[in-house]
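Chemist: Dropping the structure in here first, questions after.
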Amino acid sequence: MTVTELIVITLILFYSSNLFGVLYSLVVLKTSIFTKYRIQTKPYKKGIFKDRLPLYLLNMLILTAFGVSGVYLLFPFFDTGLPNIWVLIGQVVFVFIIDDVWFYFVHRYMHRNKYLLKKIHSIHHRAHTPFPLEYLYVHPLEWMMGVVGTFIGYVLIILVMPLSIYAFWGFALLRNLHEIHIHSDLKLPFLKDIPLISPVEDHDLHHAKLDGNYASTFRVWDRIMKTRFNEKNSTK
Ligand SMILES: [Zn+2]
Ligand SMILES: [Zn+2]
């Protein structure tokens, strides 16, 4: 496969998963189909999607730029053949772990450093009652910082073996869908019971209370670092 073909497929993946996020958000905001699954009871602010749109679009543009330059940069290290299933799963899980460790510590630091919290991270926390696409409502600098963890994961793999293009796409797609999921404010059947993965309530509570549950994917980091937060241990 040529680099142009890889870029086109990468962008199709990015845009289709975000289009799913847009449609999912509109259904959540404009209809009552998912109301019975909602975690919070507060109504959504009127016109919120339209208010958020400029920053969603800016961050999509940044994601596009990072996606294109990422494929260019990593192109010599990609294995574009069909991978062994265990190599594929191993590489995707490995990037998820590295990405989540990075996210955990950067996210926690942004809460402890009051300057960063006020100037940067507070933008994302305008969403007290999140809906799926709110994962894109982030200060552009924070958005760019988030990509660093993923990149470290890819580089660590490349130091040992070629990076499967299918692992690159698989991670990007699953990470995007996971972000849409944890901002959905919905406790959906089946999805709430995936083992090891942080349930929606964790990040939802983080948005509602601005405290604890700093991991995005794996709850274990909050357990180890004793930053797990739930309604029972709440002091607020
Ligand atoms: Zn936060
Ligand atoms: Zn969030």
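Read the figures in this text as sums done on the coordinates, not as results from a lab. Because the structure is a prediction, the values reported are computed rather than measured. Cβ sites come from the backbone with ideal geometry, for glycine too, and all protein chains shown count toward neighbours.
Chemist: Of K45/K118; K45/K226; K119/K192; K119/K209; K42/K209, which sit over 24 Å apart, Cα to Cα?
Modeler: K45/K226; K119/K192
Chemist: Can I ask one more? Please identify, among R175, R126, R219, the residue showing maximal mean-square fluctuation in a Gaussian network model of the chain using a 10 angstrom Cα cutoff.
Modeler: Sorting by GNM fluctuation, first place goes to R126.
Chemist: For region 132-236, rounded, prolate or oblate, judged on the Cα gyration tensor with a ≥ b ≥ c (square roots of eigenvalues), a/c < 1.5 rounded, else prolate if a/b > b/c?
Modeler: Because a/c hits 1.5 or more and a/b exceeds b/c, region 132-236 counts as prolate.
Chemist: So if I average 1/r over every pair of distinct C-alpha atoms in region 106-181 and take the inverse, what Kirkwood radius in Å does that give?
Modeler: 14.1
Chemist: Step through the residues of region 121-130 one at a time and calculate ³J(HN,Hα) from phi using the Karplus curve (6.51 cos²θ - 1.76 cosθ + 1.60, θ = phi - 60°), rounding each to whole Hz and writing x for Gly and Pro.
Modeler: Per-residue couplings from phi come out as 6, 4, 4, 5, 7, 5, 8, 6, 10, x Hz.
Chemist: Apply the Karplus curve 6.51 cos²θ - 1.76 cosθ + 1.60, θ = phi - 60°, to the phi angles in region 109-114 and return the couplings in whole Hz, x for Gly and Pro.
Modeler: 4, 5, 7, 7, 8, 5
Chemist: Pick from L58, L196, L205: which residue has the top mean-square fluctuation in a GNM of the chain where Cα pairs under 10 Å get a spring?
Modeler: Looking only at L58, L196, L205, the largest GNM fluctuation is found for L196.
Chemist: What is the Å³ per residue value for the convex hull set by the Cα atoms of region 3-224?
Modeler: So the per-residue hull volume is 130 Å³.
Chemist: Could you please state, rounded to a whole Å, how far the C-alpha centre of region 46-111 is from the C-alpha centre of region 112-169?
Modeler: Result: 7 Å between the Cα centres.
Chemist: Here is a further query. Short version: ³J(HN,Hα) in whole Hz for each residue of region 203-213, in order, from phi by Karplus 6.51 cos²θ - 1.76 cosθ + 1.60 (θ = phi - 60°), x for Gly and Pro, what are they?
Modeler: Each residue of region 203-213 in turn: 6, 4, 5, 4, 5, 6, 10, 6, 7, x, 6 Hz.
Chemist: Also: Apply 1/(1 + (r/R0)^6) to the Cβ-Cβ distance of T35 and R223, taking R0 = 41 Å, and write down the FRET efficiency to the nearest 0.05.
Modeler: Working: r = 32 Å, r/R0 = 0.77.
Efficiency, from the Cβ-Cβ distance: 0.85.
Chemist: Just to be sure I understand: if I project the alpha-carbon convex hull of region 12-99 onto a plane and average over all orientations, what area do I get in nm²?
Modeler: Over all viewing directions, region 12-99 projects a mean Cα-hull area of 8.7 nm².
Chemist: Taking the beta-carbon count within 10 Å as an exposure proxy, list W221, W86 from fewest neighbours to most.
Modeler: Ascending Cβ contact count within 10 Å gives the list W86, W221.
Chemist: Another question, if that's okay. When only C-alpha pairs under 8 Å and at least 6 residues apart count, what is the relative contact order of region 135-209, in percent?
Modeler: Numbers: 24 pairs, mean separation 18.9, N = 75.
Value for region 135-209: 25 percent.
Chemist: Sorted from fewest to most neighbouring beta carbons within 10 Å, what does the list S122, S164 look like?
Modeler: Ascending Cβ contact count within 10 Å gives the list S122, S164.
Chemist: If you average the sequence gap of Cα pairs under 8 Å that are 6 or more apart and divide by the length of region 3-224, what percent do you get for the contact order?
Modeler: Reported relative contact order: 30 percent.
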